[in-house]
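J.: What follows is a single structure, and I will ask about it in a moment.
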Amino acid sequence: LYDYQKMILYEAGVKNELTISASRATAKSWTIGLAALCIAVLYPNSEIVVVSSTKGQSGVIIGKIQGFINDYPNIQREIKRVTVNDNNRIVELQNGSKITVVALSDNSRGIRASCIIREECNAMKRKDLLDSVIAPMKYVRPAPFRQLPQYRHISEEARTISISSAG
């Protein structure tokens, strides 16, 4: 990894809000695909939703994740199933986490997310849909350990990662 990719992964792990603007050929989607996998593996039962103007555009992240599965046996062991068809693009992990792709539309209502990744957010022209459909998706991940008395003081918030081209 390059230093800037390490910084992106670190920021994605510790921040609740992250915005990345980078130029072409900087492996934005590759890095965000890796960040989505890191969050999904490290935080069991995470619901990560990748949203963009079109399902095909946000599906690029799933393509990057499929590349990781083919190239890295350790990542392959974490993945339970990958579903890619006209209706669904979903990566399910062994620990109950899920990475789902949706388009920015009214049809995306009802989905819940502990992490929202807004792919090519500068191209999302429908602020009304971002406010009425995407923002309400956020919820706090149900972590069973937080029910134990010694961990009740720990709080966790839903994350939002926005990525766009610098152009």
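J.: Within the stretch 43-57, count every residue that is over 10 Å from the mean Cα position of the chain (by Cα) and surrounded by 23 or more Cβ atoms within 10 Å (Cβ to Cβ).
T.: 1
J.: Does Ser155 satisfy the condition of being at pLDDT 70 or above, touching a strand residue (DSSP E or B) at 6+ places or on another chain (Cβ under 8 Å) and small (Gly, Ala, Ser)?
T.: On the way: at pLDDT 70 or above: yes; touching a strand residue (DSSP E or B) at 6+ places or on another chain (Cβ under 8 Å): no; small (Gly, Ala, Ser): yes.
No; evaluated as a whole, the condition is false for this residue.
J.: Then there's this: Can you tell me which residue within the stretch 20-46, out of those that are touching a Phe, Trp or Tyr at 6+ places or on another chain (Cβ under 8 Å) and either acidic (Asp, Glu) or under 20 Å from Lys98 (Cβ atoms) (or both), is modelled with the lowest pLDDT?
T.: Gly33
J.: Can you find, within the stretch 76-112, the residue that is modelled with the highest pLDDT among those that are assigned to a loop (DSSP other than H, G, I, E, B) and of a type in the set (A, V, I, L, M)?
T.: Ile111
J.: Select from the stretch 63-77 the residues that are over 16 Å from the mean Cα position of the chain (by Cα) and among the charged types (D, E, K, R) and list them in ascending order.
T.: Selection gives Asp71, Arg77.
J.: All but one of (1) modelled with pLDDT under 90; (2) open to solvent by 20 Å² or more (accessible area, probe 1.4 Å) hold for Cys115; state the number of the condition that does not hold.
T.: (2)
J.: Counting only residues that are over 14 Å from Ser58 (Cα atoms), touching a strand residue (DSSP E or B) at 6+ places or on another chain (Cβ under 6 Å) and not β-branched (Val, Ile, Thr), which one in the stretch 14-42 is least open to solvent (accessible area, probe 1.4 Å)?
T.: Ala40
J.: Follow-up. Condition first: open to solvent by less than 30 Å² (accessible area, probe 1.4 Å) and among the charged types (D, E, K, R). Now tell me which residues in the stretch 1-13 satisfy that.
T.: none
The values are calculated or read from the model by the stated rules, or taken from the named source; none is laboratory data. Everything quoted here is computed from the prediction, not taken from an experiment. Positions of Cβ are backbone-derived with ideal geometry, glycine not excepted, and every protein chain shown enters the neighbour counts. The area values use the complete protein model at the heavy-atom level, side chains included, leaving out ligands, DNA and RNA. Shrake-Rupley method; radii C 1.70, N 1.55, O 1.52, S 1.80 Å.
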